[in-house]
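All of the numbers you see were taken from the coordinates with simple rules; none came from a lab. Just so we're clear, the structure is a prediction, and the values are computed from it rather than from any experiment. All Cβ positions, even for glycine, are placed from backbone atoms using ideal geometry, and neighbour counts span all protein chains on display.
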Amino acid sequence: MLPVFIVDELPDKGELFVSGDEAHHAINVTRIKVNEIIALTDGKGRKVSVEVTSITKKSFSAKVLTVQDFPASKIWLTVMQALTKGDRARETIELLTEAGVDEIIPWSANRSIGQFKDEQDSLDKWRSWARESTKQSRRAWFPKISTLQSGVSASEVLMDFDLTLLFHESDGGKLSDLLTKAQSEKNLNKVLLIIGPEGGISDEEAAAFLERGALSVAMGLPIFRSAHAGAAALAAVQTGLGIW
């Protein structure tokens, strides 16, 4: 399988020049060679295969061989993810990206252990982790990382979605039944999945989400860590919606 690197602008044909961090990684870590074929993505739907034509200490040039343009998802899947603690944060973003999320909304829930000490710095880290995981999972689109939401006020974002699923460790309906019913009633273009913190979603938060139309889904046993629950929920939803 071809190694993948990120380049902001990818032409339809001809030669391209790559420098900066991606070139450094390709040259010094992956150790690409002249005449080697590698893959590039712009994270905006385009992937190209190229043949490396020249390499210097800090850059390389390549010739475009093939171009693929991937459309955005027909059903936009967003996960509102409660902040997880310590090194679990990176794992959370990696798993969500690999599982096919289109957008991640960080959520400082009432019972969240993890916190954004510096919001912009934390968002930048999340975006960087998402970019790296995009390469690893060979996606054509970067997940969007949205601004931080907090507590009960996070329920205000629900008005932007056709369907909101509130995942709960015990209380709620069967996912397959809820998806079948929702699809029979309306077109689903934007779906939101809400994943709570390790301590669970507070009654106040749950009530606010349900009041704005969220449907409660019982995840049942086994109980997932918050960092892992979103990926499992995404897999189940994509299967239920026929995306997988």
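Going by the alpha-carbon gyration tensor, a ≥ b ≥ c the square roots of its eigenvalues, is region 49-156 rounded (a/c under 1.5) or, if a/c is not under 1.5, prolate (a/b greater than b/c) versus oblate? It is prolate, given that a/c is not under 1.5 and a/b is the larger ratio. In this structure, the amide hydrogen of residue 53, modeled 1.01 Å from its nitrogen in the peptide plane, lies closer than 5 angstrom to those of 35, 61, 62, 63, counting only residues at least 5 positions away or on a different chain. Take 130-143, 81-94 and order them by the average number of nearby Cβ atoms within 10 Å per residue, most first; the result is 81-94, 130-143. Comparing 60, 18, 7 along the charge dipole axis of the chain, the residue lying farthest to the positive side is 60, per the Cβ-charge model. Of the residues 157, 191, the one with the fewest other Cβ atoms within 10 Å heads the list, and the complete ranking is 157, 191.
Applied to region 37-50, the Karplus parametrisation 6.51 cos²θ - 1.76 cosθ + 1.60 on θ = phi - 60° returns per-residue 3J(HN,Hα) values of 9, 10, 10, 10, 9, 9, x, 10, x, 9, 10, 10, 9, 9 Hz, with x for Gly and Pro. Full extension of the segment from residue 29 to residue 12, taken as 0.36 nm per residue of separation minus the current Cα-Cα distance, would add 3.4 nm. Calculate the FRET efficiency for residue 211 and residue 181 from the Cβ-Cβ distance with a Förster distance of 22 Å, rounded to the nearest 0.05. After rounding, the FRET efficiency stands at 0.65. For residue 86, what is the net charge nearby, where nearby means another residue's Cβ is under 13 Å from its Cβ and Lys, Arg count +1, Asp, Glu -1? Taking every Cβ under 13 Å from that of residue 86, the sum is +3. Taking the DSSP bridge list for the chain and keeping only pairs wholly inside it, about 45 percent are antiparallel. Restricting the trypsin sites (Lys or Arg not before Pro) of region 158-193 to loop positions (DSSP other than H, G, I, E, B) with no more than 15 neighbouring Cβ atoms within 10 Å leaves 174, 186. In the chain, the calculated helix contribution to ellipticity at 222 nm averages -9000 deg cm²/dmol per residue, counting -39,500 (n - 2.57) for every DSSP H run with n ≥ 4. Neighbour counts of C-beta atoms inside 10 Å place 36, 9, 15 in the sequence 9, 15, 36, starting with the fewest.
Computed over every Cα-Cα pair of region 103-159 and binned at 5 Å starting from 0, the pair-distance distribution P(r) comes out as 4, 17, 24, 22, 17, 12, 5, 0 percent. Going through [x] 7, 30, 30, 19, 11, 3, 0; [y] 8, 32, 36, 18, 5, 1; [z] 7, 26, 26, 18, 11, 7, 3, 1, 0, 0, the figure that equals P(r) over Cα pairs in 10 Å bins from 0, in percent as computed for the structure here is [x]. Most fluctuating residue of 80, 219, 159 in a GNM of the chain with Cα springs under 10 Å: which is it? Judging by the Gaussian network model, the answer is 159. For region 107-217, a simple Cβ point-charge model (Lys and Arg +1, Asp and Glu -1, everything else neutral) yields a dipole of about 720 debye relative to the Cα centre. Between residue 44 and 142, the built amide H atoms are under 5 Å apart, and every one of these is 5 or more places off in sequence or on another chain.
Does anyone have the angle between helix 88-98 and the longest principal axis of the chain? Alpha-carbon axes, 0 to 90°, nearest 10? Approximately 70 degrees, to the nearest ten.
What the phi angles of region 233-244 give under the Karplus curve with 6.51, -1.76 and 1.60, with θ = phi - 60°, is a coupling list of 5, 4, 4, 5, 5, 5, 5, x, 8, x, 6, 8 Hz, glycine and proline written as x. What is the angle, in °, between the Cα long axis of helix 119-137 and the longest principal axis of the Cα atoms in the chain? Nearest 10 is fine, range 0 to 90. Rounded to the nearest ten degrees, it is 60.
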